[in-house]
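Note sheet for the following structure.
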């Protein structure tokens, strides 16, 4: 089973002349897994899953699983506002055997916390593997409250949460009071969240120089906070630019500038602006000039320890 720690990347979905570029997705997945990331997510928000039909989603998942083999685990993103439909979709996807499912709260309908709890319990019951909760109220319109998260821990299949609630106070509460693995979903807060005791991140920005994001995680885990802080300050300008326009347009622009994929999105998403691309190109030049990150041999530092509550970036 995947450990649901470390740096996971929500894979973009490459397109070529309007069609799914499966070869491009496989090559990108291989490159990321070879750079030492701890896992991949297919059909997340960054993967433009809302614009992919069911056949394309299945094809993409199968293609990425085939490409990475056992190099890293692969989560499948699943979303929807109809609990029955989401459970049925997961029942179908079980046959493709992903490492688990990343499932967001129902969007638009804005259910109560009780409705959210029952939704995830039904989804988890349908899954043959682990379920990672995805809290992103800016997109769904509803926050998964810490009490609801803690209540959901009773289900054996629910193992982690990707937290994008925008509140370090809520993240801290989850770290201290939840038994789930806590994964940061806000790249600009990555250093702070890791220092507070989070177990890792699902990071769109880690498409670019994934080795440095893995290095950041390892430095914090090893208790080398000042070195981690210095590295994060080098990453932060690019992170800000990668989210300066709606995701995943800047990430795709960066990957296109590096020659990995075509700079193509599906409506209603549009490519990054020309002005943004110029700024991004400069930041990429600086980021790519940084030395290749070597793995830390002796981490020796406990995830989630109170001693890590220090050195936050303000």
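The values are calculated or read from the model by the stated rules, or taken from the named source; none is laboratory data. Keep in mind that this is a model prediction, so the values were computed, not measured. Cβ atoms come from the backbone with ideal geometry, glycine included; neighbour counts cover every protein chain shown.
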Residue count, the range 185-200 (criterion: in contact with a helix residue (DSSP H, G or I) (Cβ under 8 Å, 6 or more places away or on another chain), within 24 Å of residue 156 (Cβ to Cβ) and buried (at least 24 other Cβ atoms within 10 Å of the Cβ)) | 2
Could you run through the range 45-69 and say how many residues are modelled with pLDDT of 95 or more and at positive phi?
-> 1
Of the residues that sit in the range 268-293 and are surrounded by fewer than 17 Cβ atoms within 10 Å (Cβ to Cβ) and touching a residue at least 60 places away in the same chain (Cβ under 8 Å), which one is nearest to the chain's Cα centre (by Cα)?
-> 269
Odd one out for residue 262, checked against (1) closer than 19 Å to residue 50 by Cβ; (2) touching a residue at least 12 places away in the same chain (Cβ under 8 Å); (3) not in a helix (DSSP H, G or I) = (1)
Quick one: would you say residue 278 is closer than 21 Å to residue 191 by Cα and assigned to a helix (DSSP H, G or I)?
-> no
In the range 23-44, what residues are under 20 Å from residue 103 (Cβ atoms) and either out of contact with any helix residue (DSSP H, G or I) (no Cβ under 7 Å at 6 or more places or on another chain) or at pLDDT below 95 (or both)?
-> 38, 39, 41, 44
Conditions: (1) under 12 Å from residue 287 (Cβ atoms); (2) in contact with a strand residue (DSSP E or B) (Cβ under 8 Å, 6 or more places away or on another chain). Residue 257 meets all but one. Number of the miss?
-> (2)
State which residue is farthest from residue 283 (Cα to Cα) when the search covers only the range 167-184 and only residues that are in contact with a helix residue (DSSP H, G or I) (Cβ under 8 Å, 6 or more places away or on another chain) and assigned to a helix (DSSP H, G or I).
-> 177
Given the residues 149, 142, 220, which is the only one that is buried (at least 17 other Cβ atoms within 10 Å of the Cβ), touching a helix residue (DSSP H, G or I) at 6+ places or on another chain (Cβ under 8 Å), at pLDDT 95 or above and in a loop (DSSP other than H, G, I, E, B)?
-> 142
Within the range 230-244, which residues are surrounded by fewer than 20 Cβ atoms within 10 Å (Cβ to Cβ) and either within 12 Å of residue 190 (Cβ to Cβ) or in contact (Cβ under 8 Å) with a residue 12 or more places away in the chain (or both)?
-> 233, 234, 236, 237, 240, 243, 244
Could you give me the residue pairs with C-beta distances under 8 Å whose first residue belongs to the range 146-172 and is on the phi > 0 side of the Ramachandran plot, whose second residue is part of a loop (DSSP other than H, G, I, E, B) wherever it lies, and which are 6+ apart or on separate chains?
-> 166/186
If you take the residues of the range 63-88 that are in contact with a helix residue (DSSP H, G or I) (Cβ under 6 Å, 6 or more places away or on another chain) and part of a helix (DSSP H, G or I), which of them is farthest from residue 7 (Cα to Cα)?
-> 83
Residues satisfying the stated conditions in the range 1-50, i.e. surrounded by fewer than 18 Cβ atoms within 10 Å (Cβ to Cβ) and not in a loop (DSSP other than H, G, I, E, B) = 16, 19, 23, 27, 30, 31, 34, 50
